[in-house]
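All remarks here apply to the structure that follows.
The values are calculated or read from the model by the stated rules, or taken from the named source; none is laboratory data. The model shown is predicted, which means the values in this text are computed figures rather than measured ones. Neighbour counts run over all protein chains shown; Cβ positions are idealised from the backbone, glycine included.
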Amino acid sequence: MSTPLTINGQSYTVDLPGDVPLLWVLRDAVGLTGTKYGCGVGSCGACTVHINGEAVRSCQTALEDVDGDITTIEGIGTPDALSKLQTAWVTHQVAQCGYCQSGQIMQAAALLAENPAPNDADIDDAMQGNLCRCGTYPRIRAAIHTAAADMREG
Amino acid sequence: MSKLKTITRRTFLISSAAIAGGVAFGVYQDRKTPPNPLTAPTGGAALNPFVLIDQNGVTLIAPRAEMGQGIRTTLAALVAEELDVAWDDITVLHGPAAQAYYNGAAIAAGLPFKDYSITEFQHGMGQNLDFVAKMVSLQITGGSTSIRDGYEKMRHAGASAREALKQVAAERLGVDRATLSTENSHVIATDGTKIPYGDLAVAAAKIKAPQTGLRDAATWKYLGKSMPRVDMVAKSTGTARFGIDTRVDGMKFAALRINPRLGGKMIGFNATEAEKMTGVDRVIDLGNGVAVVGSNTWLAQQAVDAIDITWGDAPYPADMAGILAKVNSALDDSPNSTLRNEGDADDLPAGTTEIRADYTVPYLAHSTMEPMNATAHFTGDRLEIWCGNQAPVLTRDKCAEIAGLGPSAVSVHTTFMGGGFGRRVEIDYSIYATKVAVAMQGTPVQLTWSRQEDMRHDFYRPAAAARFRGAVKDGRAVLMDGKIAAQSTTREVPARLMGLPAAGPDKGHVEGAYDQPYAIPNYRITGHLAEVGVPIGFWRAVGNSFNGFFHETFIDELAHAAARDPLEFRLEMMRDEHAPSATTLETVRDMSDWTGKTPDGIGRGVAFTYSFGTPVAQVIEVQQTDDGIAITRAWIACDVGVILDPSIIEAQMFGGMIYGLSAAVHGEITFADCAVEQSNFPDYDALRMHNAPAVEVQILASNAHIGGVGEPGTPPAMPALGNALFDLTGKRARSLPLMHDFDLLT
C-alpha cells in the first residue's frame, strides 16, 4: 500500500501495510532514527512525535491513521541550528544516555506551544508519560522553565 | 604469559596469596606496552592508542562505553588537559576493541579490602594488579572504574603526545624542547613561531615519546570544571547514533523470541503461518528460540509472534516459593565469607536486649530505555558488529567463535548505549545477531528485541535475603551481626562469560555491608552463596544495591531502639572510623536543615553507603498527599576524592539515586512456570517526572583516593526512602518493592 506522508515539511511515499505503526515507518522505511522505540505500548514516550502540532505516541499510531503533517525531532532543530528548547537542553546538560530525550523534547515542545508559562504541576502533568531510566527529570524540568522564559522573550 | 593466564583464569577473585605470586611473576610482562590498535589516517598519525592527529584536527579515543555517565567527556578532558587542545576542536570516539584499552581498575576493585581503611600498601597492590587486566585484555566499562583506571593513564597519553610533538618541533626549529610551549593544538616557540600539531604528528608518531610528569592540579584548565558534554548536542537533536540506529546499505531488520524459561531449550516450532506474512524473508532457528528477518522490525515482530513454539524446561524452581526457599535456606549454610569480624559477635553484650530483623529484596531487571539489539554483517571471512556494549573484546572474541572466525576477522563498532546499568556487559544480544548474520551471509541484519523479550530475558540483579541481630547500649550500637544470602554475581557472571572459576571469599556478595565505616565493637558480616540457577548479572551498584538496604535499614532500627536521632547515631560511630564519610553525613544534615523532627504528614530518612571508593549520604523526604505518599525532596552529599567534572558527578549522583528509588518503589521481577511475569513498563515501572524528588547535591573532595561516581548514588536511596517511610508511618520497610506495603504516589 502506497501512502504519502509529509514529515518535517518534506514529502515521502512509503509502501507498507496500513497497520504498521508510524514509529517503524519513520525508523525503518524513511530512515529518521531520532524517534526511538522504547516499549511499543505507549507507556514510555520515547517515540513521541507531533501530528499537526499535537504530541502523539508514534508506536500507537498506525500508518493508515496518520491524518496530518508529521514533525519529528529532526524537524525541531539541528546541531547547527538548535531550537530554543534544544538550547535549554544543552545549557542544562540534561541528557545522560540520551535515548529518551527525543521524546522528552517533543513532549516539552508540545507543552510549550500550548502553555508558554508552565508551572511545576503543569510540567508534571505533561511529562509524566515520558520515562527516563537515567533519572534526568530535575534537569528536564529546569530546561523547560528556561526554554519557556527564552521563548516568551522572543 | 601462559602461566599468568592460568593464574587469572583459575582465580578471578584474587586471594592475597595469589596476588603476591602474580605480581612477582608479572613484572616483565607488565613492562610490555600493548600494541597500538589505531590505523593512522592519511596525512596524520596515531601518537598512542588514545591520540590521533591529522590535518583535520585532533581525535581522542575514550575507550569506555558511553551509557550516559559522561565518561567520553571526562576521559577526553583528561587527555586534553595535558595535550593543550581547544575543547571545541576535538572529536571523541570510543575506538576499536583492543588489549590497549584494558581496564586495570576493574580487577583492583575486586580486592577484599575495605576501601575507606585501605593502606598505601594495599592501594599499591591494586595498582600492580593493573597488569592482570592487561593480560586478559579486560576492556570493560563497569564497576565505576573508568576514571579510577584513566585518571593518570589518560593524562599521560596527552602529556607524552604533547612532548613528542614538541620534540619534533624543537628539531625543526633547532631549539631546545624545553623552550617550547603549546596551546590550542599548536607548538609555540619563544619568537612567536606557531606550528600546528597536524604538521608535526606524522614525525612525532615515529619517535619515542619523551618522559614527562603530569601537571599540577592547580594549573588545570578543563579538569575540575563542568565541561560541555561532547555528546550533548547530538543527544538533544536526535542525531546521536545508538546501536538501534545503525543503518548499513542493504540492511534487513529482524525480531526474535527466546525460551521464556531462561536457559531452557526449544523443543520445536512451526513457522508455516509466519513465513507467509507480509515483509518476511526468512525464519532462523537460534537453538533456544527463533528469529524472523524481514523488511521492517515491526513486521518481523508480528511474524515471530505468530510462530507456534514448544519450549523446554528451565534449570531452576518454577515459582517464587521454590526460588526464595533456595535463597533463604542459604542463610543456614556455612558462610562463604566473613570479611568483617570484630570483637565477639556470638554473645549478646551484658545488659542489652537483642534486636532482630529479617529483610528480603527481589530480582530486578535493568530495563534500559533502549532494548537489546545488535547489527551484524557476515561475509564469510569477516564479521562486523555494531552495538552498544560494555565489553568489546569479549564481544569480539565470542562472536568470532560463533562465526567460525579468528578475532582479527571481527570488527566491533561500539555505539552510544541507551542505558547500560550493567546489562550491556553481556554478549547474548550480539551472539544472537551473529547467528542471524551467519545464516544470512552477505546481508547485514539488525536484530532488535521487543521490550517484552528484553524484560523477560535479562540477567537479573539477584534476589537477596538477610538476617540481622544487634544490640544498643548507652545510645550506641554495641553489636551488629548480619547474614546475607543471594546468588553470587561476582562468581556466576565471570564463569558464564569467560569460564573463570572463582575461589575464596566473595567480596562483591557482601560489599555495602562488610565495608562500611562504622565503629561497632562487636561487628560481623557473613556472606552465604545461594545456588538457584536464575540467570543473574551486574546491576548498577551490584551487591551494594541490596546490602546497602539491609545494613542501613538495620542501623536505623538500632538507632530507633537506642532512642537516638538516626543521623547523629550514625555520625558518632563514623567520626572516629573515617572522617570523610562523617563529613558527608554532616554535609547532608546541614543541606537539609535536619533537626530530627518532622511535622505531621512529612517523614524524613537518612542513609549512607560507601561504595566504589565514594562515600555517599542521602536524606529523603516524603509527604502524605491525597494521591498517596510522595517523595518530595532529596539531598545528597558525596566525597569523590578528586572532583573532575562537577556537572557530570552531580548528574550521576541524582540519576543513581532515582534509579535506586525506582527499584525501591516499583522494581520486582517474579517467576511463574519458570517464566518472568513482568513484560513491559506498565508492570515494571520507574519514577517519572511527577513522583521524582527535587534534589540538591554537594560534592566534597577530601577522601584519600579518587572514587567512582556511576554507581555510588544508587545504594543509599533505597534505605533512605524506607527510613523516611518509617518516620512518616511508624511502619518499618523490611522488604522491597515498597509499593506492596505503602500507599505510594505512583
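Details
- Test: residue in the stretch A:32-39 that is away from chain B (no Cβ under 11 Å) and modelled with pLDDT of 95 or more: no
- A:ILE76 touching a Gly at 6+ places or on another chain (Cβ under 9 Å), more than 7 Å from chain B (Cβ to nearest Cβ) and either modelled with pLDDT of 95 or more or on the phi > 0 side of the Ramachandran plot (or both): yes
- Residue check for B:PHE569: farther than 25 Å from B:THR632 by Cβ, among the hydrophobic types (A, V, I, L, M, F, W, C) and part of a helix (DSSP H, G or I): no
- Lone unmet requirement of (1) in contact (Cβ under 8 Å) with a residue 24 or more places away in the chain; (2) outside any strand (DSSP E or B); (3) surrounded by fewer than 23 Cβ atoms within 10 Å (Cβ to Cβ) for A:LYS36: (3)
- Filter result for B:THR632 (part of a helix (DSSP H, G or I), among the β-branched types (Val, Ile, Thr), modelled with pLDDT of 95 or more and surrounded by fewer than 24 Cβ atoms within 10 Å (Cβ to Cβ)): no
Residue-wise test of (1) in contact with an Asp or Glu (Cβ under 9 Å, 6 or more places away or on another chain); (2) within 27 Å of B:ILE244 (Cβ to Cβ); (3) away from chain A (no Cβ under 14 Å).
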| position | (1), (2), (3) |
| --- | --- |
| B:ILE267 | no, no, yes |
| B:GLY279 | no, yes, no |
| B:GLY287 | no, yes, yes |
| B:VAL293 | yes, yes, no |
| B:GLN302 | yes, yes, no |
| B:ASP305 | no, yes, no |
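- Considering the stretch A:38-73, and only residues there that are of a type in the set (Ser, Thr, Tyr) and in contact with a Pro (Cβ under 7 Å, 6 or more places away or on another chain), the residue that is nearest to B:THR368 (Cα to Cα) turns out to be A:SER43.
- Entry remark, the stretch A:40-58: residues being farther than 20 Å from B:PHE253 by Cβ and at the interface with chain B (Cβ under 7 Å from one of its Cβ atoms) number 2 in total.
- Candidates A:ALA121, A:ALA110, A:ALA62, A:ALA149, filtered to the one that is in contact with an Asp or Glu (Cβ under 7 Å, 6 or more places away or on another chain), surrounded by fewer than 18 Cβ atoms within 10 Å (Cβ to Cβ) and at pLDDT 95 or above: A:ALA62
- Criterion violated by A:ARG133 - all others in (1) surrounded by 17 or more Cβ atoms within 10 Å (Cβ to Cβ); (2) part of a helix (DSSP H, G or I); (3) in contact (Cβ under 8 Å) with a residue 12 or more places away in the chain satisfied: (2)
- B:ASP397 vs. criteria of a type in the set (Asp, Glu), farther than 24 Å from A:GLY135 by Cβ and either within 12 Å of chain A (Cβ to nearest Cβ) or not in a helix (DSSP H, G or I) (or both): no
- Test: B:VAL642 is touching a helix residue (DSSP H, G or I) at 6+ places or on another chain (Cβ under 8 Å) and either modelled with pLDDT under 95 or surrounded by fewer than 18 Cβ atoms within 10 Å (Cβ to Cβ) (or both): yes
- Matching residues, the stretch B:689-746, being part of a loop (DSSP other than H, G, I, E, B) and of a type in the set (S, T, N, Q): B:ASN691, B:SER702, B:ASN703, B:THR714, B:THR746
- Residue count for the stretch B:645-687, restricted to those that are within 12 Å of chain A (Cβ to nearest Cβ) and of a type in the set (D, E, K, R): 4
One line per residue, one yes/no per condition, for (1) in contact with a helix residue (DSSP H, G or I) (Cβ under 6 Å, 6 or more places away or on another chain); (2) not assigned by TED's automatic domain parsing to the domain that holds B:LEU558:
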{"residue": "B:ARG340", "(1), (2)": "no, no"}
{"residue": "B:ALA350", "(1), (2)": "no, no"}
{"residue": "B:THR379", "(1), (2)": "no, yes"}
{"residue": "B:GLU384", "(1), (2)": "no, yes"}
{"residue": "B:GLN390", "(1), (2)": "yes, yes"}
{"residue": "B:ASP397", "(1), (2)": "yes, yes"}
{"residue": "B:GLU401", "(1), (2)": "no, yes"}
{"residue": "B:VAL410", "(1), (2)": "yes, yes"}
{"residue": "B:HIS413", "(1), (2)": "no, yes"}
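- Extreme residue, nearest to the other protein chains (Cβ to nearest Cβ), among residues of the stretch A:1-31 that are part of a strand (DSSP E or B) and free of Cβ contacts under 8 Å to residues at least 40 places away in the same chain: A:ASP15
- Number of the exception - A:ASP124 against (1) farther than 15 Å from A:THR48 by Cβ; (2) more than 8 Å from chain B (Cβ to nearest Cβ): (2)
- Top-ranked residue in the stretch B:218-246 [being assigned to a loop (DSSP other than H, G, I, E, B) and free of Cβ contacts under 8 Å to residues at least 24 places away in the same chain; ranked as surrounded by the most Cβ atoms within 10 Å (Cβ to Cβ)]: B:SER236
- Any hit, the stretch A:47-68, residues being among the hydroxyl-bearing types (Ser, Thr, Tyr) and either in the same structural domain as A:ILE144 (by TED's automatic domain parsing) or in a strand (DSSP E or B) (or both): yes
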